[in-house]
Ligand code: TTP
Ligand code: MG
């Protein structure tokens, strides 16, 4: 569906038709970009910096601004500006040295939050990502609702704001996220695309360098729509490959997709039990059920894990987690089960259990070139477990995940029918 005949002749002759065809694609892309990312983190962590003009940078003669808080931007301070110049623009400017480790850690948390809304996610820098949300609407609502949910979750969990752009084409989603910063939400709807492109200042299109901008001036190309005044031969002569891309974009054609490069950092499954329990045999069976569910999810995504954890919530609602780093990656349900049970057996149980969860972290692509050493099960050799997993997975796929489970699990898992 995404393959479009990009023969420039067709675009020019039939651009109206091609345009319609492109916009018929059921694609809805979100671009999420954190606001004044490094500075916002510093302002969050140090109340003395709140609502103040702050830049993050080195403090030497040669330093440049890495980012400026929105308060500092009011003075005309921008990223990449020499610090001495920033100081001239604002006397009360506060300079904070950067802490890359902290920013990376926050970035990870943000990407993890976003990844829960769609598996089609592409992280493009430390503070921005695209997600293709087609197919997620039934789960999370309209594009605006999804964007708001992402914004709210990031705000609630991390006390940071972001701006989100929504559009049916990737390059427009990025432009949209920049339009109402900070804390913005901008949706370019399908019927607005043609007009939007027509009036979009050409400097807003990424990938146009200074010398190309000069040529634009000479050719009187002020908006993306102006590009259509010229045939492809002239555009490629003047701009090389960029010429063709600009012509495509001016016709609403952006065949670039969201290239999934993000792997969720954890998979887990938990059940609130229909009654609080103490009995080991029953607990074991619940852990088995959750391990099967996690294993199935891992294998479906072609992942392996190097860390297993369990979560227990007790009758008084207190909760604990226990985790174990493994020597080698695993993905079989039995191996996950054995690790989870070993973790459970180390806990001295004093209260009845209300909720049980099993999860895995440190996920990797199964094809990562490490030696796959599945933990041997005492009862069945590894190959047999793998074939059991495959059989269980395919039956679950056909008839639903709940079809295969031990009979005694059935009465236990009714309190929360959605218990994952
Ligand atoms: P940006 O997203 O470009 O900027 P920002 O998040 O600070 O502000 P905005 O609200 O406009 O999105 O970059 C993300 C981070 O990358 C930024 O906080 C600091 C760093 N960065 C640099 O170190 N040098 C630079 O020149 C730029 C542009 C960013
Ligand atoms: Mg940003």
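Which numbered condition in (1) more than 12 Å from ligand 1 (Cβ to nearest atom); (2) over 14 Å from the mean Cα position of the chain (by Cα); (3) surrounded by fewer than 17 Cβ atoms within 10 Å (Cβ to Cβ); (4) closer than 30 Å to residue 65 by Cα is the only one that residue 171 fails?
Failing condition for residue 171: (3).
What pairs come up if the first residue lies in segment 152-170 and is on the phi > 0 side of the Ramachandran plot, the second is in a helix (DSSP H, G or I) and within 15 Å of ligand 1 (Cβ to nearest atom), and their beta carbons are under 6 Å apart, counting only those six or more places apart or on different chains?
159/44
Go through 32, 95, 55 for me and flag whichever is assigned by TED's automatic domain parsing to the domain that holds residue 154, assigned to a strand (DSSP E or B), at pLDDT 95 or above and away from ligand 2 (no atom under 16 Å from the Cβ).
Numbers: 32 fails: away from ligand 2 (no atom under 16 Å from the Cβ); 55 fails: away from ligand 2 (no atom under 16 Å from the Cβ).
Going through 32, 95, 55 in turn, just one is assigned by TED's automatic domain parsing to the domain that holds residue 154, assigned to a strand (DSSP E or B), at pLDDT 95 or above and away from ligand 2 (no atom under 16 Å from the Cβ): 95.
Within the group 292, 319, which residue is within 25 Å of residue 112 (Cα to Cα) and buried (at least 23 other Cβ atoms within 10 Å of the Cβ)?
Numbers: 319 fails: buried (at least 23 other Cβ atoms within 10 Å of the Cβ).
One residue alone meets the criteria, 292.
So which helices (runs of 4 or more DSSP H) are wholly in segment 194-312 and hold at least 3 residues that are farther than 30 Å from residue 361 by Cβ? Walk me through how you get there before you give the answer.
On the way: elements: 210-218, 232-239, 241-250, 280-300.
Result: 210-218, 232-239, 241-250.
State which residue is nearest to ligand 1 (Cβ to nearest atom) when the search covers only segment 57-68 and only residues that are farther than 14 Å from residue 160 by Cβ and under 29 Å from the mean Cα position of the chain (by Cα). Lay out the reasoning, then the answer.
Taking segment 57-68 first, the residues farther than 14 Å from residue 160 by Cβ are 57-66, 68.
In the following step, the residues that additionally are under 29 Å from the mean Cα position of the chain (by Cα) were identified as 57, 65-66, 68.
Numbers: 57: 8, 65: 8, 66: 3, 68: 7 Å.
So the residue we want is 66.
Tell me which residues, restricted to segment 186-224, are within 24 Å of residue 259 (Cβ to Cβ) and in contact with a strand residue (DSSP E or B) (Cβ under 6 Å, 6 or more places away or on another chain).
Correct list: 186, 187, 188, 200.
Scan segment 91-105 and tell me whether some residue there is in contact with a strand residue (DSSP E or B) (Cβ under 8 Å, 6 or more places away or on another chain), free of Cβ contacts under 8 Å to residues at least 24 places away in the same chain and within 16 Å of ligand 1 (Cβ to nearest atom). Can you show your working first?
Of segment 91-105, the ones in contact with a strand residue (DSSP E or B) (Cβ under 8 Å, 6 or more places away or on another chain) are 93-98.
Of the ones still in play, those that are also free of Cβ contacts under 8 Å to residues at least 24 places away in the same chain are none.
The answer is no, given that none of the residues of segment 91-105 is in contact with a strand residue (DSSP E or B) (Cβ under 8 Å, 6 or more places away or on another chain), free of Cβ contacts under 8 Å to residues at least 24 places away in the same chain and within 16 Å of ligand 1 (Cβ to nearest atom).
The values are calculated or read from the model by the stated rules, or taken from the named source; none is laboratory data. If you're wondering where the values come from, they're calculated on a predicted model, not measured in any experiment. Positions of Cβ are backbone-derived with ideal geometry, glycine not excepted, and every protein chain shown enters the neighbour counts.
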